[in-house]
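A short write-up of the structure that comes next.
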Amino acid sequence: MPYKLLFVCLGNICRSPAAENIMNHLIDRADLSDRLVCDSAGTSSYHVGSPPDRRMTAAASTRGIKLQGRARQLQRSDLKEFDLILAMDRDNYQDILTLDSSGEYRHKVKLICDFASHHREREVPDPYYGGSEGFDRVINLLLDACEGLLNDVVRQLEVGQD
Ligand code: 4NP
């Protein structure tokens, strides 16, 4: 069974699809596609069915990363289904935990910035109402965080195999 990662933001059109596709890019490069699977979702239903925001798509393309997928809303069943759930900011984190009233899955939910080693930000800033530089910052921050995340997950999988 592959290890399943879910990236979560508010709209699922900017930050979490960028994180999902960056992670898939790193997973492909590491030849780990059969061991790790990624998806993304939004805590809101605002943009359900929409493709990623074109400003985010443009920022990702400058790093050779194509954004694929359509927005969907986070569901309670995702908490059971995924092994690790990465929130972009603290609001997302709280909203995810609101779906987990018993606290059963709390240990699976993390802030993605906890895995970044070259950036000091604790949250991925919402770029939606800002200019293009905000989207570039999100890509740089997510590249850093996803590299750290991949190293961490690979270590966990190696320990699990012993
Ligand atoms: P995301 O960005 O959560 O990174 O997908 C946003 C997308 C849409 C809205 C806010 C943030 N919105 O308010 O519609």
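The values are calculated or read from the model by the stated rules, or taken from the named source; none is laboratory data. Only a predicted model underlies this, so the values are computations on that prediction, with no experimental measurement involved. Every residue, glycine as well, gets a Cβ built from its backbone with ideal geometry; the counts of neighbours run over all protein chains shown. In case anyone asks, the SASA skips ligands and DNA or RNA and just uses the protein heavy atoms, side chains included. Shrake-Rupley method; radii C 1.70, N 1.55, O 1.52, S 1.80 Å.
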I'd like to know if segment 104-120 contains one or more residues that are buried (at least 19 other Cβ atoms within 10 Å of the Cβ) and more than 18 Å from Met23 (Cβ to Cβ). no
Taking segment 35-71 and keeping only residues that are under 16 Å from Arg137 (Cα atoms) and charged (D, E, K, R), one is left with Asp53, Arg54, Arg55, Arg63
Here's a check for you: in segment 1-17, which residue that is open to solvent by less than 10 Å² (accessible area, probe 1.4 Å), out of contact with any Cys (no Cβ under 9 Å at 6 or more places or on another chain) and outside any loop (DSSP other than H, G, I, E, B) is nearest to the ligand (Cβ to nearest atom)? Cys9
Options Leu74, Leu26, Leu32, Leu79; residue that is within 16 Å of the chain's Cα centre (by Cα), within 22 Å of Leu143 (Cβ to Cβ) and either within 16 Å of the ligand (Cβ to nearest atom) or not polar (S, T, N, Q) (or both): Leu26
Taking segment 18-35 and keeping only residues that are in contact with a Phe, Trp or Tyr (Cβ under 8 Å, 6 or more places away or on another chain) and surrounded by fewer than 24 Cβ atoms within 10 Å (Cβ to Cβ), one is left with Arg35
From the list Gln161, Gln94, Gln68, pick out the single residue that is of a type outside the set (A, V, I, L, M), touching a residue at least 40 places away in the same chain (Cβ under 8 Å) and open to solvent by 90 Å² or more (accessible area, probe 1.4 Å). Gln68
Can you confirm whether Ser45 is among the hydroxyl-bearing types (Ser, Thr, Tyr), within 16 Å of the ligand (Cβ to nearest atom) and not in a loop (DSSP other than H, G, I, E, B)? no
Can you name the condition, by its number, that Thr43 falls short on among (1) closer than 22 Å to Leu79 by Cα; (2) out of contact with any Cys (no Cβ under 9 Å at 6 or more places or on another chain)? (2)
For segment 123-132, give me each residue that is in contact (Cβ under 8 Å) with a residue 12 or more places away in the chain and either crowded, with 16+ Cβ neighbours inside 10 Å or out of contact with any Gly (no Cβ under 8 Å at 6 or more places or on another chain) (or both). Glu123, Val124, Asp126, Pro127, Tyr128, Ser132
